[in-house]
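These notes are about the structure you will find just below.
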Amino acid sequence: MPPENKLPSKPFELIAGHPALDFVNSLDDRFTSPQERLRNYDDLLRFTHQSGLLTDRQVRKLKRLTTHLDAAEADPQPQPAAVLHKAIQLREALATLTYAWIDDPAATSPDSLTFLEDTFKQAALHRRLKTENGQLLWSWKGLSQQLAAPLWLLAQSANDLLTSDAILRLRACDSNTCRWLFLDTSKNHTRRWCDMKTCGNRMKARRFQARQSQES
Ligand SMILES: [Zn+2]
């Protein structure tokens, strides 16, 4: 099918309050019947763009880069499929660590930690320190010329989250079939659902039905 006849891809549901957690949620229904939302490099670009980590201009340039990718061995760019593969590995290491924390705060996951540490270090190699208005800032080197840009940005986003106090607000949706991750920034820290309109209402309806059947 020519690309112009393809149905437009559904936007990602960004409900987590942090790109790194929305990234973990991109494997939908992960504990019941997993649905992969990142099926190709374009999906990864769309996700990173929708999360606000890549600009319109950067995405356009990266897309152009994928269509002009020379398959010659001398090409130093990684193949889009290899970038996606590494991004999925990053996402799964993040998922292992975060769900372990939620289910058992004392749990450790040495393999995931090692993988995350390596990936965070690799991402950091693409940043440089610069001065701007008398301040020192980290910035990225040639993001739109690097096919691996979405991977580095997501790794840095995860690094920022995992090493900040915000991680203390990490929660998973109370629905056992959903378990999407989010940061509970509600005033009393009582948020239980990824989205009240979907999981919250579904659970309420289920409880109501259970009560009805007990009473009848
Ligand atoms: Zn949910």
Report relative contact order for the chain in percent, whole number only (criteria: Cα-Cα under 8 Å, sequence separation at least 6). 24
Protein chains only, probe 1.4 Å: how do Leu168, Leu154 rank by accessible area, largest first? Leu168, Leu154
By the DSSP-based rule, helices of the chain that are at least 27 Å long along the axis (C-alpha) and have a mean Kyte score of at least -0.5 are 80-103
The correct ranking of Lys63, Lys86, Lys187 by accessible area at 1.4 Å, largest first, is Lys187, Lys63, Lys86
Within the stretch 121-146, find all residues whose amide N lies under 13 Å from a label point positioned 7 Å from the Cα of Lys61 along Cα-to-beta-carbon. 140-146
I'd like the Kirkwood hydrodynamic radius of the chain, using the inverse of the mean 1/r over distinct C-alpha pairs, in Å. 19.3
If you rank His85, His49 by how much accessible surface each has, with a 1.4 Å probe, what is the order from largest down? His85, His49
So, in nm, how far is label Asp195 from label Thr32 when the simple model puts each one 7 Å beyond its Cα toward the Cβ? 1.5
Between Gln145 and Ala81, how high is the FRET efficiency from 1/(1 + (r/R0)^6) when r is the Cβ-Cβ distance and R₀ = 22 Å? Nearest 0.05. 0.70
Ignoring ligands, DNA and RNA, please state the percent of accessible area on the stretch 15-191 from carbon and sulfur, probe 1.4 Å. 52
Considering the zone a paramagnetic label at Ser164 would reach in this model (a point 7 Å from Cα along the Cα-to-Cβ line), which residues of the stretch 183-199 have amide N under 12 Å from it? 183
With a 1.4 Å probe and every protein chain left in place, work out the accessible area per residue of the chain in Å², rounded to a whole number. 60
Within the chain, pairs of Lys residues whose Cα atoms are less than 25 angstrom apart, provided they are eight or more positions apart or on distinct chains, add up to 18
So in the chain, which Cys have no other cysteine's beta-carbon sitting under 4.7 angstrom from theirs? Cys199
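The values are calculated or read from the model by the stated rules, or taken from the named source; none is laboratory data. Just so we're clear, the structure is a prediction, and the values are computed from it rather than from any experiment. All Cβ positions, even for glycine, are placed from backbone atoms using ideal geometry, and neighbour counts span all protein chains on display. Heads up: the accessible areas ignore ligands, DNA and RNA and are worked out on the full protein's heavy atoms, side chains in. Shrake-Rupley method; radii C 1.70, N 1.55, O 1.52, S 1.80 Å.
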